[in-house]
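Below you'll find the structure, written out as structure tokens, and then a few comments.
The values are calculated or read from the model by the stated rules, or taken from the named source; none is laboratory data. As the structure is a computational prediction, the values presented were derived from the model and not from experiment. All Cβ positions, glycine included, derive from the backbone under ideal geometry; neighbour counts span all protein chains shown. In case anyone asks, the SASA skips ligands and DNA or RNA and just uses the protein heavy atoms, side chains included. Shrake-Rupley method; radii C 1.70, N 1.55, O 1.52, S 1.80 Å.
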Amino acid sequence: MSKYGQDRLDPDFAEDPALRRGSSSLRYRAYLDLLARRRKRPKSERLVVTRQGNAQSLARSRSATGLLRTFFGMLGRHRGPILLSLCTLTIATGLKLTMPVATKVVIDYAFTGAGLPPSVSDWLPTSWRLEEPRRLLIAIAIAMVVVSFTAVVIGLSGRWLATKATQLLAVEVRRKILDHIVRFPLQRIQDLRSGGVASMLRDDAGGISELIFGLVYNPSRAVVQLLGSLVILAFTDWRLLLGAIGLLPLVWLTHRNWIARVRPLHRDLRLLRSSVDAHATEVFGGIRVVRAFGRSRGESGRFVRGNNLMARQSVNIWWWSRITEVVWSTAIPVATTGLLLYGGIQVIDGTITTGDLVMFLTYLAMLLGPLETLAATATSLQTNLAGLDRVLDLLAEPVEMPDSESALKVVPEEVAGRIEVRDLGFSYPNTDHPVLHGIDLVAEPGQLVAFVGASGAGKTTLCNLIARFEDPDEGSISLDGVDLRELELDGYRTLLGIVEQDVFLFDGTIGENIAFGRRNANAEEIRDAAIAANALEFIEATPSGFDSLIGERGVRLSGGQRQRLAIARAILADPRILILDEATSNLDSASELLIQQSIDRLLAGRTTFAIAHRLSTIQHADLIVILEGGTIVASGSHDELLERSDHYRDMVAVQTARSEAISTGD
């Protein structure tokens with residue numbers, strides 16, 4: 001299994017049972033215990049708390065150098081815009097560094113009326129008459145406005161290039177991840193947690209793109225500003241520079257403390273808020289059950305306890321934030337005051353000018369921003385590199401049944417639809433017992449083949465193999481005499497139409513769901529498919545007809561209505577091979593008769609496999625296959641099996657007795 005599936009090394013904020021039960025005070029104590037465990041684990045296990053409050057490992061299977069090389073390789077066509085943005089960034093940052101120098105010139109030369117030194121005035125036109133203090137002040141003010149505006153325009157254009165590259169890279173990475181995941185073997189997809197996939201698409205993929213800012217753009221700006229400020233400070237007074245450098249460790253450590261302690265608390269609070277909101281949504285979604293079991297007051301209390309826990313966490317965040325704030329609010333002003341005192345003495349002694357001191361203190365303040373950026377980069381870089389490592393692990397996993405170089409293209413118009421299964425055997429991964437073995441059958445074009453058997457007999461697995469969701473371990477399945485493994489997988493899948501018992505519909509309109517298999521279908525074709533599936537009557541009864549929204553998974557429809565939409569979807573797709581998994585199980589007798597008639601019309605030129613238990617479906621089949629223990633125990637038509645299969649006769653007798661009991665009201 002992918003390392004990503006093992007990120008959750010310990011019950012975390014979202015899943016710790018102690019955080020889900022009891023009063024808010026007990027849950028808060030459990031939360032403090034969880035924080036204590038988190039603080040201990042990173043020292044030995046290299047963990048980080050994600051934006052969802054989960055503990056994720058920072059251990060990587062690849063070196064930082066290798067990951068960085070991979071990241072820069074992923075930039076591809078974005079390298080040019082990023083390099084251009086760095087050039088504009090350097091120019092804009094350099095222009096902004098000139099602003100404190102202008103302040104020094106105003107104080108030392110305009111305010112005092114001393115005029116500019118010859119080394120500067122000799123380069124300026126005499127017609128400007130800058131020896132006059134007022135004209136010098138106006139000239140400096142104009143220059144500052146021009147420089148500031150130019151820096152903003154240049155910086156904004158560069159940041160736009162970097163932001164655009166970030167968003168485009170995020171889209172590319174997410175698309176690459178999703179394209180890879182949807183081609184995973186079916187068993188692997190079932191092992192994945194939907195939340196884990198969503199987290200990877202949202203956080204890890206987003207974190208990779210954020211490396212453009214976190215690794216390239218922001219650190220570059222910080223380095224340029226930091227080095228520029230230090231160079232200017234060194235020219236002003238090297239002793240003041242040494243005092244300023246003494247502040248750097250304090251700024252670094254306090255900011256790292258904020259990242260390590262306060263930011264995870266904010267993430268925990270967001271996760272808890274999301275959980276409380278989700279619970280409220282769930283309560284309203286299941287309001288009938290809540291009221292039926294008299295749980296209204298209990299669910300309300302649970303909501304209040306969640307909010308009380310949020311309040312306790314908010315207070316905890318407030319205290320930790322104030323600790324960091326107090327350090328910054330006392331230590332840095334004290335140190336700055338010391339530098340001001342020393343610098344003031346230097347001014348009094350005539351060693352430096354008042355403008356030099358003001359410029360020095362301004363550049364000192366400008367050092368804090370770059371230090372914050374570099375401290376944040378040092379921490380977030382590890383998180384994002386770990387995310388990149390997990391993404392690379394995922395992309396390294398094999399996809400389902402890749403096409404061979406000699407794979408044959410599928411031309412639907414040339415497909416007759418003859419399916420032949422020979423000596424088929426299959427076992428699921430990590431199991432020793434075969435699900436299917438020794439399966440032999442032939443389905444001629446236009447035939448309806450019904451699979452019958454008890455639960456676990458292998459009916460659904462056999463249909464999955466025919467749909468090539470899996471490949472057999474033994475034997476083969478062929479289409480018109482060609483092994484399915486020799487055909488292009490995507491091409492073969494275009495021949496399929498599937499209607500399952502557990503219908504899946506998308507959050508959209510009725511028309512969009514029917515046309516899912518044929519996006520270019522027109523309104524008339526969609527309507528014809530609905531008629532064939534006996535769905536038109538209830539569709540026209542909805543407020544907007546085919547444009548009616550059905551909600552997520554079709555929650556606004558009944559089970560029978562969802563089933564009929566799924567059948568209409570398969571009909572419109574015009575498949576060569578149709579797979580029905582209890583497709584008529586949720587329909588009343590009248591609807592079932594109409595659906596059965598539409599299925600009969602579909603059989604011309606199509607091969608249909610039906611998993612069914614109802615006699616009304618089975619008896620119309622051209623071939624009935626009885627599965628037991630993963631193998632075929634009998635096959636034939638309805639009349640043939642009545643003559644020679646005790647198992648089939650018993651099944652028919654049970655269903656006939658049940659129908660008679662229902663009709664007589666017993």
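For LEU549 and ALA365, a Förster radius of 51 Å and the Cβ-Cβ distance give a FRET efficiency of 0.40, rounded to the nearest 0.05.
So between ASN520 and VAL411, what do we pick up on full extension, going 0.36 nm a residue minus the alpha carbon distance?
Values: separation 109, 0.36 × 109 = 39.24 nm, distance 1.86 nm.
Extending this stretch completely gives an extra 37.4 nm.
Go ahead and run the numbers for FRET between ASP33 and ARG322, Cβ-Cβ distance against an R0 of 30 Å, rounding to 0.05. Intermediate results must be reported in sequence, preceding the final value.
Working: r = 23 Å, r/R0 = 0.76.
Once rounded, the FRET efficiency stands at 0.85.
The convex hull around the C-alpha trace of the stretch 479-531, projected and averaged over every direction, spans 5.4 square nanometres.
In order along the stretch 462-474, phi translates into HN-Hα couplings of 5, 5, 4, 5, 5, 6, 6, 6, 9, 9, x, 7, 9 Hz, rounded to whole numbers, per the Karplus curve 6.51 cos²θ - 1.76 cosθ + 1.60 with θ = phi - 60° and x for Gly and Pro.
What does the accessible area per residue of the stretch 431-519 come to in Å², with a 1.4 Å probe and no ligands, DNA or RNA counted? Could you put the intermediate results ahead of the total?
Details: 3680 Å² over 89 residues.
I get 41 Å² per residue for the stretch 431-519.
How about the stretch 446-536: which trypsin sites (Lys or Arg not before Pro) there are in a DSSP loop, with at most 12 other Cβ atoms within 10 Å of their Cβ? Show your work: numbers first, answer last.
On the way: sites: LYS459, ARG468, ARG485, ARG493, ARG518, ARG519, ARG527; in loops: ARG468, ARG518, ARG519.
Taking the stretch 446-536 and a limit of 12 other Cβ atoms within 10 Å, the loop trypsin sites (Lys or Arg not before Pro) found are ARG519.
Magnitude of the Cβ-charge dipole of the stretch 383-453, K/R +1 and D/E -1, about the Cα centre, nearest 20 debye? Provide the component values of the computation, followed by the final result.
Details: 4 positive and 13 negative charges, 30 e Å.
That gives a dipole near 140 debye.
Quick one: putting +1 on the C-beta of Lys and Arg, -1 on the C-beta of Asp and Glu, what dipole do you get for the stretch 438-477 around its Cα centre, in Debye to the nearest 20? Please list the in-between numbers first.
Details: 2 positive and 6 negative charges, 45 e Å.
It comes to approximately 220 debye.
In terms of packing, defined here as the mean over residues of other Cβ atoms within 10 angstrom, the peptides 390-396, 572-578, 538-544 line up highest first as 572-578, 390-396, 538-544.
Tell me, what is the FRET efficiency for MET99 and VAL171 to the nearest 0.05, using R0 = 22 angstrom and their Cβ-Cβ distance as r? Walk me through the numbers before you get to the answer.
On the way: r = 38 Å, r/R0 = 1.71.
Once the sixth-power term is evaluated, E becomes 0.05.
In the stretch 459-512, taking the dipole from charged Cβ atoms about the Cα centre, the farthest positive-side position among THR494, PRO472, GLY511 is held by GLY511. Accessible surface of the stretch 484-568, 1.4 Å probe: 46 percent of it comes from carbon and sulfur atoms. Using the Cβ of TYR648 as centre and a radius below 13 Å, the other residues enclosed give a net charge of -4, where K and R count +1 and D and E count -1.
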